[in-house]
Amino acid sequence: MVQYDFPGKDKMIRAFDAAITPDDAQATTEAIRCALIELYNDPAVQLPACCFEPVDDHYARREIYRSDDLGYSVVAMTWAAEQGTPVHDHSGLWCVESVWQGELEIAQYELLETDGERYRFHRTPCLQACTGSAGRLIPPHEYHTIHNRDATDSAISLHIYERPMERSAMFEPVDAASVEGGSGWYLRHCKTLCTDD
């Protein structure tokens, strides 16, 4: 794992360490959500320079810190213009996500039923997450998409996971009607997640 040094790193780690409440995902994620908003508004805290560098063919995913003692992982994601994700889960891990630059469209998906590797979802109305905002995902409410809808500018988000997320289930619609109607069947497949330098 690459070790990143950046202004305010120690302050960020102290805030996240203090937020961890063992066996209480609600309290932990709410404390981290509040800490992220404060950290974003603190001029002493800056992300590593590489986080401002998008990758052409996929959104960049850089783990900037991992706690050996408490297990959580901090990942910065850089979204070039119009980059996004398919419907995916977080492998049962809680996560707190904040927007550090730009704006991201978040769509939550409610799981209605399963049939083997087929999953039927209902998409809820999209949320426009603006710079400085933060939200949380706690299983089983973890299915969602993220998109940078801006046609020219990049966006950056910071994600704090319960522990390093090394794989995720991705869900591809079985037909166009699944996407257009907001409800429909998706095929599940697992993906190993990599990080960028």
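For beta carbons closer than 7 Å, sequence separation of 6+ or different chains, a first residue in segment 49-74 that is within 11 Å of residue 159 (Cβ to Cβ) and a second that is among the polar types (S, T, N, Q) and buried (at least 20 other Cβ atoms within 10 Å of the Cβ), the qualifying pairs are 63/73. Among the residues of segment 11-33, those that are part of a helix (DSSP H, G or I) and without any contact (Cβ under 8 Å) to a residue 60 or more places away in the chain comprise 11, 13, 14, 15, 17, 18, 19, 27, 31. Across segment 10-31, the qualifying residues are those that are in contact with an Asp or Glu (Cβ under 8 Å, 6 or more places away or on another chain) and of a type in the set (A, V, I, L, M), and the one among them that is surrounded by the most Cβ atoms within 10 Å (Cβ to Cβ) is 15.
Can you tell me which condition residue 42 does not meet? The list is (1) buried (at least 19 other Cβ atoms within 10 Å of the Cβ); (2) farther than 26 Å from residue 194 by Cβ, and all the others hold. Among (1) buried (at least 19 other Cβ atoms within 10 Å of the Cβ); (2) farther than 26 Å from residue 194 by Cβ, the lone unmet condition for residue 42 is (1). Within segment 49-94, the set of residues being hydrophobic (A, V, I, L, M, F, W, C), over 20 Å from residue 36 (Cα atoms) and part of a loop (DSSP other than H, G, I, E, B) comprises 80, 81. For segment 78-117, a residue qualifies if it is aliphatic (A, V, I, L, M) and in contact with a Gly (Cβ under 8 Å, 6 or more places away or on another chain), and the qualifying residues are 96, 99, 106.
For segment 121-174, taking the residues that are assigned to a strand (DSSP E or B) and basic (Lys, Arg), the one that is farthest from residue 102 (Cα to Cα) is identified as 167.
Just one of the listed residues (110, 117, 97, 105) is acidic (Asp, Glu), surrounded by fewer than 17 Cβ atoms within 10 Å (Cβ to Cβ) and under 16 Å from the mean Cα position of the chain (by Cα), and it is 105. Residues of segment 112-127 that are touching a strand residue (DSSP E or B) at 6+ places or on another chain (Cβ under 6 Å), farther than 17 Å from residue 177 by Cα and not charged (D, E, K, R): 126, 127. Scanning segment 148-168 for residues that are surrounded by fewer than 18 Cβ atoms within 10 Å (Cβ to Cβ) and of a type outside the set (S, T, N, Q) turns up 149, 150, 151, 153, 163, 164, 166, 167.
Restricting to segment 34-48, name every residue that is assigned to a loop (DSSP other than H, G, I, E, B) and charged (D, E, K, R). Of everything in segment 34-48, just one residue is assigned to a loop (DSSP other than H, G, I, E, B) and charged (D, E, K, R), namely 42. Residues in segment 171-197 that are out of contact with any helix residue (DSSP H, G or I) (no Cβ under 9 Å at 6 or more places or on another chain), more than 30 Å from residue 51 (Cβ to Cβ), hydrophobic (A, V, I, L, M, F, W, C) and touching a residue at least 40 places away in the same chain (Cβ under 8 Å): 2 in all. Applying the criterion of being at pLDDT 95 or above and of a type in the set (Ser, Thr, Tyr) to the residues of segment 120-134, the residue that is surrounded by the fewest Cβ atoms within 10 Å (Cβ to Cβ) is 131.
The values are calculated or read from the model by the stated rules, or taken from the named source; none is laboratory data. Keep in mind the model is a prediction, meaning the values are calculated, not measured. We place every Cβ from the backbone using ideal geometry, glycine too, and count neighbours over all the protein chains shown.
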